[in-house]
Amino acid sequence: MPLPEHELEALGASLLGLEVRGSCLEVGTAYARTLIHLMSLFEDGERPPFVPIDPMTYFEGQAEKVRANLAEEGFSSDDVRVLEMTSGRALAELPVDDDPFGGPLAFVFVDGDHRITGVTTDLRWARRVAEGGAICFHDYRPDAPGVRLAVDRFLPPHRHVPREAPVTSRLTVRTTGPSTGP
C-alpha cells in the first residue's frame, strides 16, 4: 500500500532536513512510488545517489514495473542504481571498504521484509549511516509486530541512534555518533 500523503511529506522533510549529504538507500520498493517522491525533492544535478534494494519477488513483473515507473517520471539508470537482491545479500556483497555508495549513507528508508528477522537484517545498515544521517522505518505500529519488536530491541543498546516522535506508522532515528557494536 502506498504511503499516505502526510507520511510522504514527513519522510521528505526528514531527508531534506539532514545536514549530512550522501547516498540514500531504500530497502523494499514495491512500485518505486516512495523512491520517486524522494528523488523528485531534488533538482537534477543536486540529487544525491539513490539506491533501492529489493529482491523483486513481491509480485510478478515487479522489476519491470519499478523500472517503467522510474522511466515514466524521467529517471534513468544514471539517477538510480536498482539492486535486485535481498538486503542481507547486499550487506554481504557490498563491502564497506569498497563502498558502491560513494561513502557513508545519509538516509535509509526501511520498508522491506516486515518479519522480525528481516527488519533485524535491515538494521545492520545503521553501521553505514553517517553521523547526522537518518533511518526511517515504515510500518512501525502494533499490527506490524516484526517491525516494532526488531526496532525496539535494537535502539536501547545503540544510544547513537535516538528516536524521534513517530509520524503515524513511520519512525525516524538519527545517528549522533559512530556505530559502537554489532
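The values are calculated or read from the model by the stated rules, or taken from the named source; none is laboratory data. Not measured: the values here are computed from a predicted model. In case anyone asks, the SASA skips ligands and DNA or RNA and just uses the protein heavy atoms, side chains included. Shrake-Rupley method; radii C 1.70, N 1.55, O 1.52, S 1.80 Å.
Would you mind giving the average projected area, over all directions, of the Cα convex hull of the chain in nm² with one decimal?
So the Cα hull casts an average projection of 9.8 nm².
Which one of A144, A165, A90 has the biggest mean-square fluctuation once the chain is modelled by GNM with Cα springs under 10 Å?
Of A144, A165, A90, the Gaussian network model singles out A165 as fluctuating most.
Could you tell me the center-to-center distance, by alpha carbons, between segment 49-91 and segment 156-179 in angstrom?
Comparing the Cα centres of segment 49-91 and segment 156-179, I get a distance of 26 Å.
Sort largest first and round to whole Å: the equivalent ellipsoid semi-axes of segment 17-121, each the square root of five times a Cα gyration tensor eigenvalue.
They are 20, 19, 12 Å, listed from largest to smallest.
Please report how far the C-alpha centroid of segment 10-34 lies from that of segment 116-153, rounded to the nearest whole angstrom.
One Cα centre to the other: 14 Å.
Express in Å², to the nearest 10, the accessible area of E9 obtained by rolling a 1.4 Å probe over the protein heavy atoms while all chains stay in place.
Only protein atoms counted, so the area is about 110 Å².
Heavy-atom accessible area per residue, the chain, 1.4 Å probe: how many Å²?
In whole numbers, the chain has 50 Å² accessible per residue.
Relative contact order for segment 45-182: what percent, with Cα pairs under 8 Å and sequence separation of 6 or more?
After rounding, I find 19 percent.
Rounded to the nearest percent, how much of the accessible area of the chain (1.4 Å probe, protein heavy atoms only) is carbon and sulfur?
Percent of accessible area from carbon and sulfur atoms in the chain: 52.
Among G133, G74, G118, which one moves the most in a GNM of the chain with springs linking Cα atoms closer than 10 Å?
Sorting by GNM fluctuation, first place goes to G74.
Where does the chain land at 222 nm, in deg cm²/dmol rounded to the nearest 500, when only DSSP H runs of n ≥ 4 count, each adding -39500 (n - 2.57), divided by all residues?
-8500 deg cm²/dmol
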